[in-house]
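K.L.:
Once you've had a glance at the structure underneath, I'll fire off some questions.
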Amino acid sequence: MHTLNSEELRRYARHLALPEFGREGQEKASQSSVLVIGAGGLGSPMLLYLAAAGIGRIGIVDFDRVDETNLQRQVLYTMEDVGKPKAITARQKLLALNPHIEVEAYDKQLTSENALDIISRYDIVADGTDNFPTRYLVNDACVLAGKVNVYASIFRFEGQVSVFNYRQEDGSRGPNYRDLFPAPPPAELVPNCAEGGVLGVLPGIIGSMQANEVIKVATGVGDPLSGKLFLFDAASFTTRILKVRKDPDLVIEKLIDYEQFCAPQPKTPVREINVRELKQMMDEGADFQLIDVREPYEYDIANLGGELIPPDQVRAQAGRIAKEKKVVLHCRSGKRSADAIRELQKLHPHDNLYNLEGGILAWAREIDPGMKSY
């Protein structure tokens, strides 16, 4: 067991003063290892508290770069970090906070090919990801590798936390993520944070709860959320705890293609044009209508001069859509505008509607690099 030196005894004095935690708990924390997958909204507060608490070895898996829009909630980073790799930047921040720990950065995507190798190097896994393919990958790899999976997720004003695959006193394993969600929901019902939004303080609350569960598992102090799903609503400040039961017939034998497993059902195709074709139409003064199906605040950040019809008003404002000339609809990435076209085609057999492939992000990337993206 790791023996605390005099500097560590001073640093962790408030832990040592806890009768339930004490020196034994701190030494268990110092000899434990935790792999945090995702150094974003949940990962930022979780990593800070795990490092501060003295978790001996921390791994960070994230292949993303810091973006200005992250700073509303990802408190681990500052403006100086924009454009830098999250995993590497997070490692530097944690070592500056606590030089008594080890931190390993994996600036790569977790895949079915590398998940078992990386996860097997750590005692505990903490899932701070924001997409279903990776959540199912992390869960299945933890089950196969025999690792505890401390899970959390956030959306808008709501968050949830649980501890999956926890080793019980009799040696058996508690429920895992598939016992709660055997299959992913339809993709159209789960917009990402960029489209659905998230209250900036929420990942701080939920990520701290996630760190709490990791520390409890690492030290043996307290009662982990195994077999329970904790639900939190920041808007109403209400909580609930649901029971999660293990499915005796559930067997996970190997890792699979999780992108395919979580792939949405094919949708009715829509006509598309790319941003260069749209630019040519504008330059030539072509007679067409440009409709922007984003929210007003998005329009204020950057726009192409189109008519604004927010996505929840498309049906009500269908009369504004021209029927005798080409109409181009666009959003941030092309998803919402394609859905808007499908909605309009249910109302009327339009054959003059075109979706802007890649949305305003593609425009900023290929036509106007100076335009602010978000």
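K.L.:
Full extension from residue 318 to residue 242: what is 0.36 nm times the residue separation minus their Cα-Cα distance, to one decimal in nm?
P.N.:
23.1 nm
K.L.:
Obtain the radius of gyration and the Kirkwood radius of the chain from its C-alpha atoms and give Rg over Rh. Walk me through the numbers before you get to the answer.
P.N.:
Details: Rg = 23.8 Å, Rh = 22.9 Å.
Ratio of gyration radius to Kirkwood radius for the chain: 1.04.
K.L.:
Let me ask you something else. May I ask you to list, by number, the DSSP H helices of the chain whose Cα span along the axis is at least 18 Å and whose average Kyte-Doolittle hydropathy reaches 0.5 or more?
P.N.:
Details: long enough: 132-145 (19 Å, 0.70); 202-219 (26 Å, 0.72); 335-347 (19 Å, -0.95).
Once both thresholds are applied, what remains is 132-145, 202-219.
K.L.:
Give the long-range amide H neighbours of residue 104: residues separated by 5 or more places, or on another chain, with amide H under 5 Å away, using H modelled in the peptide plane at 1.01 Å from N.
P.N.:
58, 59, 60
K.L.:
Could you tell me how far the Cα centroid of segment 223-260 sits from the Cα centroid of segment 1-19, in Å?
P.N.:
34 Å
K.L.:
Say a paramagnetic label sat at a point 7 Å from the Cα of residue 116, along Cα to Cβ; which residues of segment 140-167 have their backbone N under 18 Å from it?
P.N.:
Answer for this model: 140-149.
K.L.:
Next question. Along the Cα→Cβ direction, 7 angstrom out, place labels at residue 235 and residue 300. What is the inter-label distance in nm?
P.N.:
Taking the two extended label points, one gets 2.0 nm.
K.L.:
While we're on this one: Assuming 0.36 nm per residue, please report the length gained on full extension of the stretch residue 252 to residue 350 beyond their Cα-Cα distance. Don't skip to the end; give the middle numbers.
P.N.:
Details: separation 98, 0.36 × 98 = 35.28 nm, distance 4.66 nm.
Length difference between fully extended and current span is 30.6 nm.
K.L.:
Tell me the label-point distance for the pair residue 102, residue 52, using the 7 Å Cα-to-Cβ offset, in nm and rounded to one decimal.
P.N.:
Simple spin-label model gives 2.5 nm for this pair.
K.L.:
Okay, moving on. Give the separation of the Cα centroids, segment 112-182 to segment 304-374, in Å.
P.N.:
If we compute the Cα centre of each part, the gap is 38 Å.
K.L.:
If I stretch the segment between residue 277 and residue 88 completely, what's the gain in nm (0.36 nm per residue apart, minus their alpha carbon distance), one decimal?
P.N.:
Difference between extended and current length: 64.1 nm.
K.L.:
Using DSSP, restrict attention to beta bridges with both residues in the chain and report what percent are antiparallel, rounded to the nearest 5.
P.N.:
So the antiparallel bridges in the chain amount to around 35 percent.
Throughout, read-outs are computed from the coordinates displayed, never taken from laboratory work. Everything quoted here is computed from the prediction, not taken from an experiment. Don't worry about glycine lacking a Cβ; one is built from the backbone with ideal geometry, like all the others, and counts go over all protein chains shown.
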